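Asker: This is the structure I have questions about; it appears just below.
The values are calculated or read from the model by the stated rules, or taken from the named source; none is laboratory data. These figures come from a predicted structure and were not determined experimentally. Note that each Cβ is placed from the backbone with ideal geometry, even for glycine, and that neighbours are counted across all protein chains shown.
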Amino acid sequence: MALDRFFRRRRPQQQGGADMPDLWTQCPKCKEGLYNRDLETNAFVCHKCGHHLRLDAAQRVTVLLDEGSFTQLSGAVQPTDALAFQDTESYPERLKRAQKKTGRPDAILTGTGAILGVPVTLAVMDFAFSGGSMGSVVGEEIARAAEHAARHGTPLVIVTASGGARMQESALSLMQMAKTTVALETLAEQGLPYVSLLTDPTTGGVTASFATIADVIVAEPGALIGFAGPRVIQQTIRQSLPDGFQRAEFLLSHGMVDAVVDRREQREYLASLLGLLTRREVSA
Amino acid sequence: MALDRFFRRRRPQQQGGADMPDLWTQCPKCKEGLYNRDLETNAFVCHKCGHHLRLDAAQRVTVLLDEGSFTQLSGAVQPTDALAFQDTESYPERLKRAQKKTGRPDAILTGTGAILGVPVTLAVMDFAFSGGSMGSVVGEEIARAAEHAARHGTPLVIVTASGGARMQESALSLMQMAKTTVALETLAEQGLPYVSLLTDPTTGGVTASFATIADVIVAEPGALIGFAGPRVIQQTIRQSLPDGFQRAEFLLSHGMVDAVVDRREQREYLASLLGLLTRREVSA
Amino acid sequence: MTAPIDTLKELEARVRDLEVTAQRTGQNLDAAITPLRAEVDRLRAAQNPAQPPAPKGDPTRWERVQLARAPGRPTALDYVEHLCTEFTELHGDRRYGDDPALIGGPARWQGVPVMLLLQQKGRDTKSKIKRRFGSANPEGYRKAVRLMDLADKFGLPVVALVDTQGAYPGLEAEERGQGWAIAESIRRMLNLRVPVVNVVIGEGGSGGALAIGVGNRVLIQENAWYSVISPEGAASIIWKDASKAPLAAEALRLTAPDLLELGIVEEVIPEPEGGAHLNPQQAAQAVGEAVTRHLRDLMAQSPTDLKTGRAARFRRLGAYTETT
Amino acid sequence: MTAPIDTLKELEARVRDLEVTAQRTGQNLDAAITPLRAEVDRLRAAQNPAQPPAPKGDPTRWERVQLARAPGRPTALDYVEHLCTEFTELHGDRRYGDDPALIGGPARWQGVPVMLLLQQKGRDTKSKIKRRFGSANPEGYRKAVRLMDLADKFGLPVVALVDTQGAYPGLEAEERGQGWAIAESIRRMLNLRVPVVNVVIGEGGSGGALAIGVGNRVLIQENAWYSVISPEGAASIIWKDASKAPLAAEALRLTAPDLLELGIVEEVIPEPEGGAHLNPQQAAQAVGEAVTRHLRDLMAQSPTDLKTGRAARFRRLGAYTETT
Ligand SMILES: [Zn+2]
Ligand SMILES: [Zn+2]
C-alpha cells in the first residue's frame, strides 16, 4: 500500500516525559531517542524498531482522520459517583485527577470526520484516563456514537485502548458491555459497517463486548489484546506463557482478528475497506 | 429413563448369516451367540457387550416407530444410469443386485409414523443397499421427506448410515448434498424441528450435508462418524489414530453431537425432545 | 459422606501455595484461589457435619458473599432437579468441544417448556474440578449461543441461571477467543425474540456472568452477589491484599438489595432463614415461583416487544450527569 | 528460477513412499499422493523450463485432468491479481484459526465490489505446503461462512473460485468437525440474498469444492474438472490401482463439457490454446468477462429471487425415473 498519501502535515503534539526534553521521546521498546517532530510525521511509530507508541485520544484523531475534518460529539456526558465508592481515595477525587491530566470528562472522545474523504463516526478510548477503563460515561458515549452513525448513515470506527471495566462503578460498569452492544445492533440493523481498531492494550470487558463484535477487527502491531490479563492466566496454568501470547500477531494466527495493520497504513486500509463495505442497495 | 415402555412386541425379523442357524446371530463385537428373538426384544443390542448391531431400514423403522404406525412414502423414485457408468460391472447391474438384496429401489426408506404418539416424518438410510451410498434417489427422497414434513407440520427424523456419495453418479451425487440442504431449509423456515440420528457408519458426503445441519444431532453408541475415512487420515498424518477416533463418544467430547443415546432409549428421548421443540406460537 | 482426607490436604496445600505467590508478587490470583478455598471450606464442613451458624439480623455484604459460597448451597442443577421435568441436556458447540461449566437444553420449568442455560459449579470435588467451578471456556458460551438459536427458532423462553466467579482465565481459553465468545453470547441474548429470565443464584462474576445475564427480567437471590469484579479481586487491586475483601465487598455494593436499588435487577428472591443451603427445597420453590411468574408475564408480549423491551432495559443502565 | 534440488528429492521420496504403502495395503492414498506428485511435476518442469507440448485436437478426459493440474496453471490469487483492485484479505474464523487454503475478503472485480472466496493452492513449494495444496480445514469453511455473512449484510455479490482436490483429510480436521463445517458452508451459501457466481478454475474435488460451489451460476474453465471423487480415488476403489485413473476419468465424466451436458454448470469458460497455464493473462480475461457478465445479470434480481432461484437450481439436480 502506498504510504505517500499518509504523510501530510500533522498538528504538532506535545511529547516526552518528565526526564526528557520536550523535543525528544524515548522509544519504550528499543530505547532510541526520537525527535518528536519525526515521530509525528511517522504516526508515532519508532523509526528504528517499528514500535507503535501509545497515543492519547487527540493524537489518535490526528493520526487517523483527514486534517481539520474532526467535529467532536462527546463531552456533555460527565461521570458521577453513584456508589459513593471509597477505597484509598474517593472516586470523585480519582476522577478529578484523571480529568485534569487528560482535559476530558472521561476515557472517551467521539466525533465525526473523514478518512481519505470517507465520512465516518469515530470513537476513541483514552488510555491516559484511568487506564481507559469503561464506566457509564464510556458506555454512554460509545452507544451515542453508534446511534449517531446509524442516524446519519455513516460507518463507525472505534479505537479501543482499555484495561477493562471501571471498578469504581461496579455492576454499573459491567452493564456497559450490554449497553454498547444494544447500540451497535441498531447500527447493524441499518446495514452500516462497524470496524474496530484494537490498540495496546485492549483487555477485560471491552474485549468481551463491543471491541470484538465488529464486522471487521483490525489490530495494531504488537498490541496486547485479551480477556484475562497475562498474569492471572500464568497463575491459573502455573507455567510460563508462550512468546507473543495475546499479542496482535498471535490473535491473527488464531483467527481472532481480520488483519494487523501498521499505523502508517491504517488510513488507506480503512478508507478502502469502508468503501467496499458500504451497502449498495439491491432492488427489493 | 424408564425402558419399560420400549419393550413391546416387535414384528419378527430374519437374522443370521449363511454360517449361522436362522435362530441365532453372532455379536460382531464380543462373538457371543444371541437368540434372534432376544435380540429383537432388545432392539438389536447385544445383551452381553451392549454392541449396537447394524440394522437395515425395515428393522430401524420397527425399532423406532410405534407399532403399526408406519406409512411408506418412498418407492416411486427409481435410480437411473445417467452417466452410462462402466467399471468392472455396469451401474445398472450393480443396482439390480442391490435391489434384489434389499427389496427396495435404492438406499433409502421414508414414511410417516409416530414415536410414543408423537407424529413424525421419518427417513432411514439403508446401509445394506450399496453401503448406504447417496445418489440422486437418496437425495430426492430425503428432499421429499423434508418437504412432506414441512407441508404436514410434523418434525423430521433422519437416520443416517452411509459410506458417502455414490461414485457411479459422479457430480450428480455430489449435488445431492446441496439438494437435501435446500429442502431442509424449507422445513426450517416453518419452524419445525429436524433431528438426525447418526448410526454406524456415517461418513463422506452425508456427514458433510444433511446429517450435521440438524437442530439436534443424536448418535448411536460406538458409531463411526466422520468426513474422511480413518484409513485416508492415517496415511495423511502417517501415525496411528487415537483409540475411539471418530466414534460417537469421541464426537460428543469434541462438541459435535448433542447426545449419544442407547438404542433402547431412543424412542423416549426423541418423543420428549420433539415435544419440547415443537414450536409454540407466540403472539405476533 | 466424609470427604477424602487426601483431597482436602492437597487442596489446602494448593491454596497456601497460591496465597504465598499472591502475597509475594502482589498479583491478583483470586480467580484461582477463591474456588479452591470455597471447596476447602466445603470439605472441612463435610467432615464436621454441623452447619455454620446462620448470621443473625441483616447480614453484612461480606457475610452475604460467604453465604453465596456456602457449602451445600444449591447449584443450578439442584434447581433444575427440583423444578423441571424432561430436561434434555444438549451438548457441544459443534466447533471444538463440550463445556461442562456451562450446560443447557430444553426442559419443562414447572410445566412450561423453556430452554435452560446453566452455569454449573459441580456438587462434589471431582465434578467441581471437571466443571472448573462454573468458570466457562469459549466453548461454553458458543454452546449457549447455539442453544439460544434453537430457543429462538422454536419459540422457547430462555431461563438462565447465573453462578460463576467469572469466565475461565486459561491460556487455551484466550487462544480460542474467550472475549469473542462472551461478546457473541451477549449479542445473541439481546437479540432473542423470546422471553428471557435470568437468576443470579450464587455468584455473578464479571463478564463471564453477564454473558448469559442480559434478559428481560434479571432476578437475584437474597444472598447472591453480582459485580464487575470479585471482592478479592478488587481488594488485590486496591490494597494489594485479598484479605481486605470484606472492605471491597462494601465498596462494590454487590449484594441483591444494592443491585435492586441500582436498577440492575428487577426482583430479589427471598431465601430461607440463614441461606439457601439450609433449605434447598424452599429456596427452589421461591426461585421457581418467581421465574414462572415473570415467564407468564413475558409470554404475553410479542417477539418484537420482547426484543425491543430488553434492548431498552440495557440501553438505560448506567449513571452519569449531563451538561448542556 | 530453478527449484531447489533438495526439495524435489525430498518430495519424490515422499511420493514413492506413499505409493509403496498404497500398493502394499490397497488403500486409497491419492488425497496425499496427488498433490505431492503434481508438485514434483512442477518442480521438474521448472528445472527444465520447456513447457510440455499442448495436446492436439480435443483432449481426452484424462488429458484435461492433467491440464487442470499443469505446472504454472493460474491459481485463484493469480486471477485476483489480474482482475481485481482493492482486494482486502480478511483473516480468521474468530473461533480457532486462520486457514491459508481458503481465503477471502472484499475486492473490486473488474470494478464491481464483491466478496471473494478463494481456494488457493499456493504458487511455490513453500506456499503450497502452507496452503495444504488448497485443501481446507474446518477453519477455512468457517471463515467462508463469516465472509458470506458480511456479504449478505452489505449487499456484496459473492465470487467463489473453486480449486481443490478436496477438504483436508487430517486428524485435527476431523476433531474440529470437517463435515460439520462443510455442511454449514453449503447451507450459508444457499441462503444468501446476494448474487453468487462460482468458477471451477482447476480441480473441483468432492464436498470440499461444493462447500463454496452452490451459487446462482456455476461456471467452469474448459480444462477444469469437477467430480464426487478424484479419478485416482475412483480407480483405487474400483480397480485397487490408482494408475487406472485415466479409465476412471472417462467413467466419471468429470470434464467441463460433461458437466455442461449434465446441467451442473451454466457455462464453460474457454481457455487459451493448450491450457490456461500457457497464457494466464488471456485465461484471466475470459474468466473476468464471464463472471462480470453473470454478476451484472444477477444484480438486477431481487434478494428473494436470488435465494429462491438458487434453491430451485439445486433442488432440481439429479437423475432418476419415477413410477406411478
Ligand atoms: Zn524503537
Ligand atoms: Zn456383544
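Asker: Mind checking which pairs have a first residue in region C:192-204 that is touching a residue at least 12 places away in the same chain (Cβ under 8 Å) and a second that is among the aromatic types (Phe, Trp, Tyr), Cβ under 6 Å, 6 or more apart or different chains?
Answerer: What qualifies is C:Val200/C:Tyr226; C:Gly204/C:Tyr226.
Asker: Within region C:135-184, how many residues turn out to be more than 9 Å from chain A (Cβ to nearest Cβ), assigned to a helix (DSSP H, G or I) and more than 19 Å from the chain's Cα centre (by Cα)?
Answerer: 7
Asker: Restricting attention to region D:309-319, report how many residues are free of Cβ contacts under 8 Å to residues at least 60 places away in the same chain, part of a helix (DSSP H, G or I) and either more than 10 Å from chain B (Cβ to nearest Cβ) or among the aliphatic types (A, V, I, L, M) (or both).
Answerer: Total meeting the criteria: 1.
Asker: Turning to a different aspect of this structure: Tell me which residues, restricted to region D:148-173, are buried (at least 24 other Cβ atoms within 10 Å of the Cβ) and under 30 Å from A:Tyr194 (Cα atoms).
Answerer: Of region D:148-173, the ones buried (at least 24 other Cβ atoms within 10 Å of the Cβ) are D:148, D:151, D:156-169, D:173.
Of everything in region D:148-173, those that are buried (at least 24 other Cβ atoms within 10 Å of the Cβ) and under 30 Å from A:Tyr194 (Cα atoms) turn out to be D:Met148, D:Ala151, D:Leu156, D:Pro157, D:Val158, D:Val159, D:Ala160, D:Leu161, D:Val162.
Asker: Can I ask one more? Would you confirm, using the coordinates I've provided, whether A:Asp106 is within 13 Å of another protein chain (Cβ to nearest Cβ) and either of a type outside the set (Gly, Ala, Ser) or buried (at least 24 other Cβ atoms within 10 Å of the Cβ) (or both)? Give the steps one after another, and end with the answer.
Answerer: Values: within 13 Å of another protein chain (Cβ to nearest Cβ): yes; either of a type outside the set (Gly, Ala, Ser) or buried (at least 24 other Cβ atoms within 10 Å of the Cβ) (or both): yes.
When the stated conditions are applied, A:Asp106 passes them.
Asker: Counting only residues that are out of contact with any helix residue (DSSP H, G or I) (no Cβ under 7 Å at 6 or more places or on another chain) and in a helix (DSSP H, G or I), which one in region C:252-283 is surrounded by the most Cβ atoms within 10 Å (Cβ to Cβ)?
Answerer: Only one residue tops the list, namely C:Ala256.
Asker: While we're looking at this one, here's another question. Given the criteria of a type in the set (Ser, Thr, Tyr) and either in a strand (DSSP E or B) or surrounded by fewer than 20 Cβ atoms within 10 Å (Cβ to Cβ) (or both), does B:Ser69 qualify? Show your work before the answer.
Answerer: Details: of a type in the set (Ser, Thr, Tyr): yes; either in a strand (DSSP E or B) or surrounded by fewer than 20 Cβ atoms within 10 Å (Cβ to Cβ) (or both): yes.
Considered against the rule, which asks whether it is of a type in the set (Ser, Thr, Tyr) and either in a strand (DSSP E or B) or surrounded by fewer than 20 Cβ atoms within 10 Å (Cβ to Cβ) (or both), B:Ser69 comes out as yes.
Residues are listed down the side, and each one gets a yes or a no for (1) touching a helix residue (DSSP H, G or I) at 6+ places or on another chain (Cβ under 9 Å); (2) more than 9 Å from chain C (Cβ to nearest Cβ); (3) of a type outside the set (Gly, Ala, Ser); (4) on the phi > 0 side of the Ramachandran plot:
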{"residue": "A:His152", "(1), (2), (3), (4)": "no, yes, yes, no"}
{"residue": "A:Pro155", "(1), (2), (3), (4)": "yes, yes, yes, no"}
{"residue": "A:Gln168", "(1), (2), (3), (4)": "yes, no, yes, no"}
{"residue": "A:Leu187", "(1), (2), (3), (4)": "yes, yes, yes, no"}
{"residue": "A:Tyr194", "(1), (2), (3), (4)": "yes, yes, yes, no"}
{"residue": "A:Phe210", "(1), (2), (3), (4)": "yes, no, yes, no"}
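Asker: Can B:Arg37 be described as of a type in the set (D, E, K, R), more than 16 Å from ligand 2 (Cβ to nearest atom), surrounded by fewer than 20 Cβ atoms within 10 Å (Cβ to Cβ) and not assigned by TED's automatic domain parsing to the domain that holds B:Glu265?
Answerer: yes
Asker: Only one of A:Asn36, A:Asn42 is within 16 Å of ligand 1 (Cβ to nearest atom) and at pLDDT below 95; which?
Answerer: That would be A:Asn36, the only listed residue that is within 16 Å of ligand 1 (Cβ to nearest atom) and at pLDDT below 95.
Asker: Here's another thing I want to ask about it. Would you confirm, using the coordinates I've provided, whether A:Val206 is more than 7 Å from every other protein chain (Cβ to nearest Cβ), closer than 30 Å to A:Ala82 by Cα and within 19 Å of the chain's Cα centre (by Cα)?
Answerer: Values: more than 7 Å from every other protein chain (Cβ to nearest Cβ): yes; closer than 30 Å to A:Ala82 by Cα: yes; within 19 Å of the chain's Cα centre (by Cα): yes.
Criteria met by A:Val206.
Rundown of residues vs (1) outside any helix (DSSP H, G or I); (2) buried (at least 22 other Cβ atoms within 10 Å of the Cβ); (3) within 10 Å of chain A (Cβ to nearest Cβ), yes/no style:
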{"site": "C:Ile229", "(1), (2), (3)": "yes, yes, yes"}
{"site": "C:Gly233", "(1), (2), (3)": "no, yes, yes"}
{"site": "C:Ala249", "(1), (2), (3)": "no, yes, no"}
{"site": "C:Gln285", "(1), (2), (3)": "no, no, no"}
{"site": "C:Arg293", "(1), (2), (3)": "no, no, no"}
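Asker: With D:Arg108, D:Arg94, D:Arg123, D:Arg187 as the choices, which residue is at pLDDT 95 or above and in a loop (DSSP other than H, G, I, E, B)?
Answerer: D:Arg94
Asker: Another question about this same structure. Please go through region D:85-96 and pick out each residue that is facing another protein chain (nearest Cβ under 7 Å) and touching a Lys or Arg at 6+ places or on another chain (Cβ under 9 Å).
Answerer: D:Glu86, D:Leu90, D:His91, D:Gly92, D:Asp93, D:Arg94, D:Arg95, D:Tyr96 - these are the residues of region D:85-96 that are facing another protein chain (nearest Cβ under 7 Å) and touching a Lys or Arg at 6+ places or on another chain (Cβ under 9 Å).
Asker: How do the pairs read when you match residues in region B:39-51 that are more than 11 Å from B:Pro221 (Cβ to Cβ) with residues anywhere that are more than 16 Å from ligand 1 (Cβ to nearest atom) and of a type in the set (Val, Ile, Thr), using Cβ under 7 Å and keeping only pairs 6 or more apart or on different chains?
Answerer: B:Leu39/B:Thr25; B:Ala43/B:Val63; B:Phe44/B:Val63
Asker: Out of (1) buried (at least 18 other Cβ atoms within 10 Å of the Cβ); (2) touching a strand residue (DSSP E or B) at 6+ places or on another chain (Cβ under 9 Å); (3) not aromatic (Phe, Trp, Tyr), the odd one out for B:Gly255 is which?
Answerer: Result: B:Gly255 passes all but (2).
Asker: Does D:Arg193 satisfy being basic (Lys, Arg), crowded, with 24+ Cβ neighbours inside 10 Å and at pLDDT 95 or above?
Answerer: So D:Arg193 fails the test.
Asker: Give the residue that is farthest from the other protein chains (Cβ to nearest Cβ), with candidates limited to residues of region D:265-282 that are touching a strand residue (DSSP E or B) at 6+ places or on another chain (Cβ under 7 Å) and among the hydrophobic types (A, V, I, L, M, F, W, C). Spell out how you get there, then give the answer.
Answerer: Within region D:265-282, the first condition is being touching a strand residue (DSSP E or B) at 6+ places or on another chain (Cβ under 7 Å), and the residues that meet it are D:265-269, D:271, D:276.
Adding the requirement that they be among the hydrophobic types (A, V, I, L, M, F, W, C) leaves D:265, D:268-269, D:276.
Numbers: D:Val265: 9, D:Val268: 14, D:Ile269: 17, D:Ala276: 21 Å.
For region D:265-282, the residue satisfying everything is D:Ala276.
Asker: Here's a follow-up. Can A:Thr71 be described as under 29 Å from A:Glu268 (Cβ atoms), away from ligand 1 (no atom under 16 Å from the Cβ) and more than 14 Å from chain C (Cβ to nearest Cβ)?
Answerer: Numbers: under 29 Å from A:Glu268 (Cβ atoms): yes; away from ligand 1 (no atom under 16 Å from the Cβ): yes; more than 14 Å from chain C (Cβ to nearest Cβ): yes.
Considered against the rule, which asks whether it is under 29 Å from A:Glu268 (Cβ atoms), away from ligand 1 (no atom under 16 Å from the Cβ) and more than 14 Å from chain C (Cβ to nearest Cβ), A:Thr71 comes out as yes.
Asker: Given the residues B:Glu265, B:Glu281, which is the only one that is at pLDDT 95 or above and surrounded by fewer than 19 Cβ atoms within 10 Å (Cβ to Cβ)?
Answerer: None of the other options fit; the residue is B:Glu265.
Asker: Turning to a different aspect of this structure: Look at D:Ala249 and say whether it is touching a Phe, Trp or Tyr at 6+ places or on another chain (Cβ under 6 Å) and more than 30 Å from B:Phe85 (Cα to Cα).
Answerer: Criteria not met by D:Ala249.
Asker: Of the residues that make up region C:204-213, is at least one buried (at least 24 other Cβ atoms within 10 Å of the Cβ), hydrophobic (A, V, I, L, M, F, W, C) and part of a helix (DSSP H, G or I)?
Answerer: Scanning region C:204-213 turns up at least one residue that is buried (at least 24 other Cβ atoms within 10 Å of the Cβ), hydrophobic (A, V, I, L, M, F, W, C) and part of a helix (DSSP H, G or I).
Asker: Which of the residues belonging to region A:123-137 are more than 10 Å from every other protein chain (Cβ to nearest Cβ) and touching a helix residue (DSSP H, G or I) at 6+ places or on another chain (Cβ under 7 Å)?
Answerer: Hits for region A:123-137 are A:Ala123, A:Val124, A:Met125, A:Asp126, A:Ala128, A:Phe129, A:Ser130.
Asker: Report, ordered by the first and then the second residue, all pairs with beta carbons closer than 7 Å, sequence separation of six or more or different chains, a first member in region B:74-96 that is free of Cβ contacts under 8 Å to residues at least 24 places away in the same chain, and a second member that is surrounded by fewer than 14 Cβ atoms within 10 Å (Cβ to Cβ).
Answerer: From residues that are free of Cβ contacts under 8 Å to residues at least 24 places away in the same chain, the pairs are B:Ala76/D:Glu322; B:Ala76/D:Thr323; B:Ala76/D:Thr324.
Asker: I would also like to ask the following. Which one of the conditions (1) among the charged types (D, E, K, R); (2) facing another protein chain (nearest Cβ under 9 Å); (3) touching a Leu at 6+ places or on another chain (Cβ under 7 Å); (4) more than 21 Å from D:Ala167 (Cα to Cα) does B:Glu140 fail to meet, given that it meets all the rest?
Answerer: Every listed condition holds for B:Glu140 apart from (3).
Asker: Specify which of the listed residues (B:Gly229, B:Gly244, B:Gly275) is away from chain C (no Cβ under 12 Å) and touching a residue at least 12 places away in the same chain (Cβ under 8 Å).
Answerer: B:Gly229
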